[in-house]
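Asks: Please see the structure below; I have some questions.
The values are calculated or read from the model by the stated rules, or taken from the named source; none is laboratory data. Everything quoted here is computed from the prediction, not taken from an experiment. Here Cβ is always computed from backbone atoms with ideal geometry, including for glycine, and neighbour counts include all displayed protein chains. Areas reflect the complete protein model, heavy atoms only, side chains present, ligands, DNA and RNA absent. Shrake-Rupley method; radii C 1.70, N 1.55, O 1.52, S 1.80 Å.
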Amino acid sequence: LKMDNMQRCNKFAVAPADLVGNWSESSGSYAQMYNVNTGNYAGMNAVSNSAEFWIAADGSYRSQHSGASGMVGSQTFFTQKYNGRYTMNGNWEVSFTNRYNGKTDTYWCQFEIIRGGRILHLQDKTASSLQYHLTKK
(Lines give C-alpha, C1' and ligand atoms only; values in the text may rest on other atoms or scores of the structure.)
Protein backbone atom coordinates (compact mmCIF):
# COMPACT_ATOMS: atom_id res chain seq x y z
CA LEU A 1 0.00 0.00 0.00
CA LYS A 2 2.81 2.42 0.79
CA MET A 3 4.44 1.86 -2.65
CA ASP A 4 1.09 2.42 -4.37
CA ASN A 5 0.75 5.78 -2.62
CA MET A 6 4.29 6.68 -3.68
CA GLN A 7 3.52 6.10 -7.37
CA ARG A 8 0.85 8.80 -7.28
CA CYS A 9 3.35 11.21 -5.69
CA ASN A 10 6.14 10.76 -8.24
CA LYS A 11 4.80 13.41 -10.64
CA PHE A 12 6.59 16.69 -11.22
CA ALA A 13 5.79 19.75 -13.31
CA VAL A 14 7.79 20.56 -16.43
CA ALA A 15 9.32 24.01 -16.94
CA PRO A 16 10.25 25.15 -20.48
CA ALA A 17 13.97 24.98 -19.65
CA ASP A 18 13.52 21.35 -18.53
CA LEU A 19 12.45 20.29 -22.04
CA VAL A 20 15.60 21.46 -23.81
CA GLY A 21 17.73 18.57 -25.03
CA ASN A 22 17.64 15.25 -26.83
CA TRP A 23 14.94 12.85 -25.56
CA SER A 24 14.33 9.30 -26.78
CA GLU A 25 12.50 6.03 -26.20
CA SER A 26 12.41 2.61 -27.82
CA SER A 27 10.37 -0.54 -27.33
CA GLY A 28 9.68 -3.85 -28.95
CA SER A 29 8.02 -7.22 -28.55
CA TYR A 30 7.74 -10.48 -30.39
CA ALA A 31 5.67 -13.66 -30.48
CA GLN A 32 6.79 -17.09 -31.60
CA MET A 33 4.03 -18.67 -33.73
CA TYR A 34 3.11 -22.36 -33.89
CA ASN A 35 0.46 -24.14 -35.97
CA VAL A 36 -2.39 -25.21 -33.64
CA ASN A 37 -3.10 -28.34 -35.70
CA THR A 38 0.42 -29.68 -36.29
CA GLY A 39 2.48 -27.98 -33.60
CA ASN A 40 5.03 -27.00 -36.27
CA TYR A 41 6.88 -23.72 -35.95
CA ALA A 42 5.20 -21.03 -38.08
CA GLY A 43 7.61 -18.11 -37.63
CA MET A 44 8.00 -15.06 -35.45
CA ASN A 45 5.98 -11.83 -35.47
CA ALA A 46 7.81 -8.79 -34.10
CA VAL A 47 7.20 -5.09 -33.50
CA SER A 48 9.85 -2.47 -32.75
CA ASN A 49 9.40 1.31 -32.36
CA SER A 50 11.54 4.28 -31.46
CA ALA A 51 10.95 8.00 -31.02
CA GLU A 52 13.45 10.80 -30.62
CA PHE A 53 12.82 14.48 -29.89
CA TRP A 54 15.39 17.28 -30.21
CA ILE A 55 14.00 20.28 -28.31
CA ALA A 56 15.81 23.62 -28.56
CA ALA A 57 15.78 26.63 -26.23
CA ASP A 58 14.59 28.88 -29.10
CA GLY A 59 11.18 27.15 -29.20
CA SER A 60 11.91 24.83 -32.14
CA TYR A 61 11.87 21.05 -32.17
CA ARG A 62 12.56 18.09 -34.45
CA SER A 63 11.34 14.55 -33.97
CA GLN A 64 11.80 11.23 -35.70
CA HIS A 65 9.60 8.16 -35.23
CA SER A 66 10.70 4.82 -36.70
CA GLY A 67 9.58 1.24 -36.50
CA ALA A 68 9.09 -2.18 -38.03
CA SER A 69 6.28 -4.71 -37.68
CA GLY A 70 5.10 -8.02 -39.11
CA MET A 71 6.38 -11.51 -39.65
CA VAL A 72 10.18 -11.62 -39.49
CA GLY A 73 11.50 -11.73 -43.03
CA SER A 74 8.61 -9.72 -44.45
CA GLN A 75 8.30 -6.82 -42.03
CA THR A 76 7.14 -3.37 -43.04
CA PHE A 77 9.14 -0.35 -41.93
CA PHE A 78 8.25 3.29 -41.36
CA THR A 79 9.95 6.58 -40.54
CA GLN A 80 8.18 9.87 -39.84
CA LYS A 81 10.02 13.14 -39.30
CA TYR A 82 8.57 16.39 -37.99
CA ASN A 83 9.95 19.93 -37.53
CA GLY A 84 8.16 22.82 -35.92
CA ARG A 85 7.68 24.92 -32.81
CA TYR A 86 6.66 23.98 -29.30
CA THR A 87 4.98 25.99 -26.56
CA MET A 88 4.35 25.21 -22.93
CA ASN A 89 0.79 25.81 -21.75
CA GLY A 90 1.52 26.06 -18.04
CA ASN A 91 3.73 23.40 -16.48
CA TRP A 92 1.61 20.32 -17.32
CA GLU A 93 0.93 20.74 -21.04
CA VAL A 94 3.03 21.20 -24.19
CA SER A 95 1.98 21.72 -27.81
CA PHE A 96 4.00 20.81 -30.91
CA THR A 97 3.17 22.34 -34.30
CA ASN A 98 3.50 20.69 -37.71
CA ARG A 99 2.81 17.11 -36.61
CA TYR A 100 0.98 14.48 -38.69
CA ASN A 101 -0.84 16.16 -41.63
CA GLY A 102 0.50 19.54 -40.44
CA LYS A 103 -1.68 19.71 -37.34
CA THR A 104 -0.72 20.82 -33.83
CA ASP A 105 -0.67 18.13 -31.15
CA THR A 106 -1.08 18.92 -27.47
CA TYR A 107 0.23 16.60 -24.76
CA TRP A 108 -0.14 16.40 -21.01
CA CYS A 109 3.40 16.31 -19.67
CA GLN A 110 5.07 15.42 -16.39
CA PHE A 111 8.35 14.14 -15.04
CA GLU A 112 8.82 10.93 -13.09
CA ILE A 113 12.03 10.73 -11.07
CA ILE A 114 14.06 7.52 -11.37
CA ARG A 115 17.51 6.50 -10.18
CA GLY A 116 20.01 8.40 -12.31
CA GLY A 117 17.57 10.78 -13.98
CA ARG A 118 13.97 11.34 -14.93
CA ILE A 119 11.38 10.21 -17.44
CA LEU A 120 9.45 12.77 -19.48
CA HIS A 121 5.92 11.43 -19.96
CA LEU A 122 3.88 12.89 -22.84
CA GLN A 123 0.27 11.81 -23.40
CA ASP A 124 -1.71 13.09 -26.37
CA LYS A 125 -4.79 14.98 -25.14
CA THR A 126 -7.05 13.84 -28.00
CA ALA A 127 -5.68 10.30 -28.44
CA SER A 128 -4.81 9.17 -24.91
CA SER A 129 -3.29 5.88 -26.08
CA LEU A 130 -0.54 7.83 -27.88
CA GLN A 131 2.11 8.21 -25.21
CA TYR A 132 5.84 8.80 -25.08
CA HIS A 133 8.05 7.88 -22.11
CA LEU A 134 11.31 9.61 -22.91
CA THR A 135 14.70 9.71 -21.25
CA LYS A 136 17.32 12.38 -21.87
CA LYS A 137 20.33 11.33 -23.91
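Asks: Using a Gaussian network model of the chain with C-alpha springs under 10 Å, which one of SER24, SER95, SER74 is most mobile by mean-square fluctuation?
Replies: SER74
Asks: Further question on the same structure: Among (i) 57, 35, 27; (ii) 58, 45, 28; (iii) 109, 29, 22, only one was calculated for this model; which label is it, if the read-out is Cα extents along the principal axes in Å?
Replies: It is the one labelled (ii).
Asks: Could you order peptides 32-43, 54-65 by the average number of other Cβ atoms within 10 Å of their residues, highest first?
Replies: Order by mean packing, descending: 54-65, 32-43.
Asks: Using a Förster distance of 25 Å, how high is the FRET efficiency between GLN123 and ASN101, based on the Cβ-Cβ distance and rounded to 0.05? Could you put the intermediate results ahead of the total?
Replies: Working: r = 20 Å, r/R0 = 0.80.
It comes to 0.80.
Asks: Keeping the other protein chains in place, figure out the carbon and sulfur percent of the accessible area of the range 34-87, with a 1.4 Å probe.
Replies: Values: 1730 of 3330 Å².
Solvent-exposed carbon and sulfur of the range 34-87 make up 52 percent of the total.
Asks: In a Gaussian network model over the chain where Cα atoms closer than 10 Å are linked, find which of LYS103, LYS125, LYS81 has the largest mean-square fluctuation.
Replies: Highest fluctuation of the listed residues: LYS103.
Asks: Please compute the per residue accessible area over the chain with all protein chains in place, 1.4 Å probe, rounded to a whole number of Å².
Replies: Values: 8800 Å² over 137 residues.
For the chain, the per-residue accessible area is 64 Å².
Asks: Return the calculated 222 nm mean residue ellipticity for the chain, to the nearest 500 deg cm²/dmol, obtained by summing -39500 (n - 2.57) across DSSP H runs with n ≥ 4 and dividing by the residue count. Working shown, then result.
Replies: Numbers: 2 runs with 12 residues, N = 137.
Dividing the helical sum by the residues of the chain leaves -2000 deg cm²/dmol.
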